[in-house]
Amino acid sequence: MGLRILLVDDDETVTTSIEQYLTDKGYEVQTAATAAEGLEKIDGFLPNVLLVDLKMPDGDGFFLMREAHKRNSALAVIVITGHADIEKAVKATRMGAHQFMAKPFSLSDVERAVEQAVGSTSCCHHLLRVDGDGVRMQAPGWTLLGASDAMKTIYRKIIMVSRSNQSTVLIQGESGVGKELVARAIFEHSNHSDGQFVDLNCAALSETLLEAELFGYEKGAFTGALETRKGLFGAAHGGAIFLDEIGEMPIKLQAKLLRVLEEKTYKRVGGIENIRSDCRVIASTNRNLWQTVQDGEFRRDLFYRLDVFTIQIPPLRERPEDIPLLSSYFLNELAESCNKQFTGFTDGALRRLTDYDWPGNVRELRNVIERAVILASGSVIEEDQLVISPAARAQQRRPERLPLGVESLQEMERRLIGKVLDETNWQKARSAEILGINRTTLWQKIKRYGLEPSN
């Protein structure tokens, strides 16, 4: 798939000719006639390049540039205008435009401007795919998939932080949401992707072993140290190190990690030489790290050093529109490994998948799909083949009995959504806008609550 280009211009003749030309050249192109439509497509289409006219029916190109860069600071912008103006060209350049093109121009000029704009950015945009199966970031060995607004925000943050190769990143989220996948995506998008990505679970080793694993050790530093070992920071030189469950790191080692972040140097166990560190540190936690600071379990200064750029991954229950996409992806992946073929899920099976709370998040979803693939003998996954373990069901949160006359939050939400839908004559786009949610989420809630038009 080629680069994605969004062209925003109210001149249909211009947009049609540019769209056809760039599409023939292998680019994926979408167009918009207004600033409002352009912003909507920036959120949904996730373009790599924005071609924008300065004059539009509902605003100007400068407004669209500002709003677009709020959503994705890595977006390459090319300004096109029917009126050459030095002052406007200077303003556009200061706002981050890569090119300023005055009409008339040739189509080959547009292609050349696109190539130059993309060449001047440091992101590996080819890793981001947008297709009928949703939006994904993909590289050999891993796939990050989702089409919800929350996932699109995460994709934008990955692209933004990847441009700064040394900035520390803190990834937060419940177990099973895909924190390591986000870390790998950051690494793959950076200029250090030709280096090595190394990872370590900070809860898996004792303090002594963790220190030796991270910083390495000199020969004879302790019993069994028969040779010098450089450790993971040494292995990650020129690449990235991913510290999973950082909240479990012992206090003593937190001080040594702080020194690496502040001074970019460390000593091996048993060594006296300061070794230079050149790698990005990406950390993750499923705990409230600030609360561990308050409880005296985590250093305050290290927290601030890690909290330079934070990516919060929401649990699967808060983005139910991603469940069918993920389920289909896992079904195809696992069916291939088991030499089976499936056409999909029955309606009842999909309802079961979307209605469940998924306390184990994406990891639990994949396990349930894998069990179903093993159990299934037909070409479709049935509802009774989606076996959720008793332990997982016990963890699923259930609403507590409320005092008489007190509504639950779910009931209040159901009534509010129904009221808004009725007042807009069930115009879902307008209702979603009023409720502050996207149309896919609204559709899921209508289905979940069994809402129907009053008349």
Could you tell me which residue of the stretch 15-67 is nearest to residue 81 (Cα to Cα), considering only residues that are at pLDDT below 85 and in a strand (DSSP E or B)?
-> 55
The stretch 206-235, residues that are among the aliphatic types (A, V, I, L, M) and more than 30 Å from residue 295 (Cβ to Cβ) | 221, 225, 226, 235
Can you name the residue in the stretch 195-247 that is over 25 Å from the mean Cα position of the chain (by Cα) and among the acidic types (Asp, Glu) and is also farthest from residue 280 (Cα to Cα) among such residues?
-> 227
Would you confirm whether any residue within the stretch 139-146 is crowded, with 21+ Cβ neighbours inside 10 Å, in a loop (DSSP other than H, G, I, E, B) and either modelled with pLDDT of 65 or more or charged (D, E, K, R) (or both)?
-> yes
Can you name every residue in the stretch 167-194 that is charged (D, E, K, R) and in contact (Cβ under 8 Å) with a residue 60 or more places away in the chain?
-> 174, 179, 180, 188
In the stretch 330-355, what count of residues is obtained for those that are within 23 Å of the chain's Cα centre (by Cα) and surrounded by 20 or more Cβ atoms within 10 Å (Cβ to Cβ)?
-> 3
Within the stretch 163-185, can one find any residue that is within 16 Å of residue 69 (Cβ to Cβ) and modelled with pLDDT under 85?
-> yes
Within the stretch 46-56, is even one residue surrounded by fewer than 16 Cβ atoms within 10 Å (Cβ to Cβ) and not charged (D, E, K, R)?
-> no
Only residues that are in a loop (DSSP other than H, G, I, E, B) and touching a strand residue (DSSP E or B) at 6+ places or on another chain (Cβ under 8 Å): list them for the stretch 165-195, please.
-> 165, 166, 167, 168, 173, 178, 190, 192, 195
Listed by range, helices (runs of 4 or more DSSP H) wholly within the stretch 241-355 having at least 2 residues that are of a type in the set (Val, Ile, Thr) are 251-263, 289-294
Options 327, 284: the member that is in contact with a helix residue (DSSP H, G or I) (Cβ under 6 Å, 6 or more places away or on another chain) and modelled with pLDDT of 95 or more | 284
Considering residues of the stretch 195-229 that are touching a residue at least 12 places away in the same chain (Cβ under 8 Å) and of a type in the set (Asp, Glu) only, the residue surrounded by the fewest Cβ atoms within 10 Å (Cβ to Cβ) = 207
Residue match in the stretch 79-90 (condition: surrounded by fewer than 22 Cβ atoms within 10 Å (Cβ to Cβ), at pLDDT 85 or above, in a loop (DSSP other than H, G, I, E, B) and not assigned by TED's automatic domain parsing to the domain that holds residue 438) = no
Assess whether residue 66 counts as being surrounded by fewer than 16 Cβ atoms within 10 Å (Cβ to Cβ), under 23 Å from residue 157 (Cβ atoms) and in contact (Cβ under 8 Å) with a residue 40 or more places away in the chain.
-> no
Residue list for the stretch 369-384, restricted to those being out of contact with any Gly (no Cβ under 9 Å at 6 or more places or on another chain), part of a helix (DSSP H, G or I) and surrounded by 14 or more Cβ atoms within 10 Å (Cβ to Cβ) | 369, 370, 371, 372, 373
Does residue 101 satisfy being modelled with pLDDT of 80 or more, surrounded by fewer than 22 Cβ atoms within 10 Å (Cβ to Cβ) and touching a strand residue (DSSP E or B) at 6+ places or on another chain (Cβ under 7 Å)?
-> yes
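Matching residues to (1) more than 24 Å from residue 170 (Cβ to Cβ); (2) in contact with a His (Cβ under 6 Å, 6 or more places away or on another chain); (3) in contact (Cβ under 8 Å) with a residue 12 or more places away in the chain:
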site	(1), (2), (3)
270	yes, no, yes
273	yes, no, no
287	no, no, yes
305	no, no, yes
Got at least one residue in the stretch 216-234 being under 19 Å from residue 313 (Cβ atoms) and not in a loop (DSSP other than H, G, I, E, B)?
-> no
Give the number of residues within the stretch 46-67 that are of a type outside the set (D, E, K, R) and more than 17 Å from residue 114 (Cα to Cα).
-> 8
Quick check: is even one residue across the stretch 4-17 under 30 Å from the mean Cα position of the chain (by Cα) and either without any contact (Cβ under 8 Å) to a residue 40 or more places away in the chain or at positive phi (or both)?
-> no
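Each row is one residue, and each column tells you yes or no for (1) of a type outside the set (Val, Ile, Thr); (2) touching a residue at least 60 places away in the same chain (Cβ under 8 Å); (3) not assigned by TED's automatic domain parsing to the domain that holds residue 375.
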site: 293; (1), (2), (3): no, no, yes
site: 299; (1), (2), (3): yes, no, yes
site: 325; (1), (2), (3): yes, yes, no
site: 329; (1), (2), (3): yes, yes, no
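The values are calculated or read from the model by the stated rules, or taken from the named source; none is laboratory data. Treat the numbers as computed from the prediction; the structure is a model and nothing was measured. When we count neighbours, we look across all protein chains shown, and the Cβ atoms used for this are built from the backbone with ideal geometry, even at glycine.
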